[in-house]
Ligand SMILES: C[S@@+](CC[C@H](N)C(=O)[O-])C[C@H]1O[C@@H](n2cnc3c(N)ncnc32)[C@H](O)[C@@H]1O
Ligand SMILES: [Zn+2]
């Protein structure tokens, strides 16, 4: 976490006011930009007493640390690089619930690592064609490039020209990279520790640079492919946090939830949180989704209770929160490689709202 990010984030507990966080830095480094980065340390909330750790440069700003550690402690303690110091390992272990099942750790770490690599390809190597790429996919990639999700986001960012943005569900940071290149002060937030670590490595070279990723062909077979990152590291940072909590103190000009709303257990609350963190003075909200809804209870899905289409339910729910549609296209292609025999082609609904 950049030291300056502390002034932007807030305690995610509903009852705490903004600006109650302080810093106990255990280890710091200087980024290539000259900014100070906290590599390891603690961020206590002076109001509720909750303490949020910084591990391998990643601030973990989740409202309930114990269940988070149940899933992620093994991932953190088994990092091939940037393992926490023994002091931090003791601090984290003391707060994790019971023993962590090693089989679960290895399975979840492997799955999350595969997921991170697929997203690194989707975000930074998005139109790449190699010897493993079927001609059919190569044709689709070339045909969709001018109007795909990335082209669409770029056009919208150039139209809105935000000075500050919150990228919720930022994954490995591709969208934040585009925003940072436009001089927009961007904070990416994601629940996945390895994704946030990869985003910080890719964009900020912190705690170390990420020069390549694994493009899988099948099973464990993969090519190591170079990562070409276009970003301005002065304008981006990433923390672990949830879109279902308020994580920023002041409003942003633009809040984004790109391909997230159909994954969270409470989509209505995500909409509330996005709206609350968007500037009331000309702010915009960008929501995109392929409406898969896997793992979301039917009655919680947008339109689920009334069997209404998700696209119209989103527009209605947003309207009820004072959000007005200013741009929309409900069939934007998004094509990416899971592995070379498995490509995903989504048609996502993309809506840009203005807060009124
Ligand atoms: C389908 S991916 C989309 C990533 C990226 N925005 C994109 O479009 O490529 C969804 C991301 O949201 C993250 N995520 C899931 N639940 C979340 C939550 N409650 N708050 C923030 N991020 C979340 C996942 O870890 C994952 O990185
Ligand atoms: Zn607090």
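Starting from the coordinates of the alpha-carbon atoms of the chain, obtain the Kirkwood hydrodynamic radius over all distinct pairs and give the value in Å to one decimal.
Hydrodynamic radius (Kirkwood, Cα only) of the chain equals 20.8 Å.
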Contact order relative to length for segment 257-327, counting C-alpha pairs under 8 Å separated by 6 or more residues, stands in percent at 34 percent
Listed with the fewest Cβ neighbours within 10 Å leading, 76, 228, 109, 88 appear as 228, 109, 88, 76
For 33, 255, what ranking results if the residue with the fewest other Cβ atoms within 10 Å of its Cβ goes first? 33, 255
Residues of segment 38-79 with backbone nitrogen within less than 17 Å of a virtual label 7 Å along the Cα-to-Cβ line of residue 111, please, listed as ranges. 67-76
Neighbour-count ranking for 72, 106 (other C-beta within 10 angstrom, fewest to most) reads 106, 72
Can you give the helix-only mean residue ellipticity at 222 nm for the chain, where every DSSP H stretch with n ≥ 4 adds -39500 (n - 2.57) and the sum goes over all residues, rounded to the nearest 500 deg cm²/dmol? -9500 deg cm²/dmol
Under 8 Å for C-alpha pairs, at least 6 residues apart: give me the relative contact order for segment 129-355, rounded to a whole percent. 19 percent
Counting only DSSP beta bridges with both partners in the chain, the antiparallel fraction in percent, to the nearest 5, comes to 65 percent
Which peptide among 129-137, 37-45 comes first, and what is the full order, when sorted by highest mean count of other Cβ atoms within 10 Å? 37-45, 129-137
Mean Cβ-within-10 Å packing, highest first, puts peptides 245-252, 60-67, 174-181 in the order 174-181, 245-252, 60-67
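Any read-out appearing in this document is the output of simple, stated calculations on the displayed coordinates, not a laboratory observation. Values in this document were obtained by computation on a predicted structure and should not be read as measured data. Virtual Cβ from ideal backbone geometry, glycine too; neighbours counted across all protein chains shown.
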